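The values are calculated or read from the model by the stated rules, or taken from the named source; none is laboratory data. It should be emphasised that the depicted structure is a prediction, and the values quoted were computed from it without experimental measurement. Backbone-built Cβ (ideal geometry, glycine too); neighbour counts: all protein chains shown. Just so you know, the surface numbers come from the protein's heavy atoms only, side chains and all, with ligands and any DNA or RNA stripped out. Shrake-Rupley method; radii C 1.70, N 1.55, O 1.52, S 1.80 Å.
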Amino acid sequence: MTVTINGAPHPPPENTGAWSRKMFPQIIDQASDERAVPVRVEVHEADGTSFTDLIPAAPRKPAAAEPVPQKKEKRTPGRPVLVEVTGDGFVPGEDVAVAVIVSHTDATGDGTARALLDPARFVGSGADEVVLVGRISGSIVVETLR
């Protein structure tokens, strides 16, 4: 993967090797000065497809007021409950988007994708379906969460 910012090549940090998809958030942060400014992203895939997106600047946090001391309750954290969503028809190793977009996953060597989701991330949002989308194959799998 190659990266250009304002038309100029942007090399990966030293001692990290080549850019990879997993480094995409790091690239966006560097290009937007840690998301201080909005940035336009153009992605050109090896298969000839491309897409453009606008990433807004991160909202600035207001200055924090003096914290009010609060009584803290000790709680024992429970084990997380995960929901598994699987599908096939993906290209082995391809990036697979998980929507209600809370995560991304990669397809295995046989073209199967698997996502483990924490329901706490979408409970109460009205979401009752998850979609797996293959970024290369275009395969789409829809699964109901009930």
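Please report the carbon-and-sulfur percent of the accessible area for segment 2-60; probe 1.4 Å, protein heavy atoms only, DNA, RNA and ligands left out. The partial results should precede the final answer.
Working: 2450 of 4490 Å².
The C+S portion of the solvent-accessible surface of segment 2-60 is 55 percent.
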Separation of the GLU129 and ASP47 label points, Cα + 7 Å toward Cβ, nm:
2.2
Using packing as a proxy for protection, rank 39-48, 8-17 so that the peptide with the highest average count of other Cβ atoms within 10 Å comes first.
39-48, 8-17
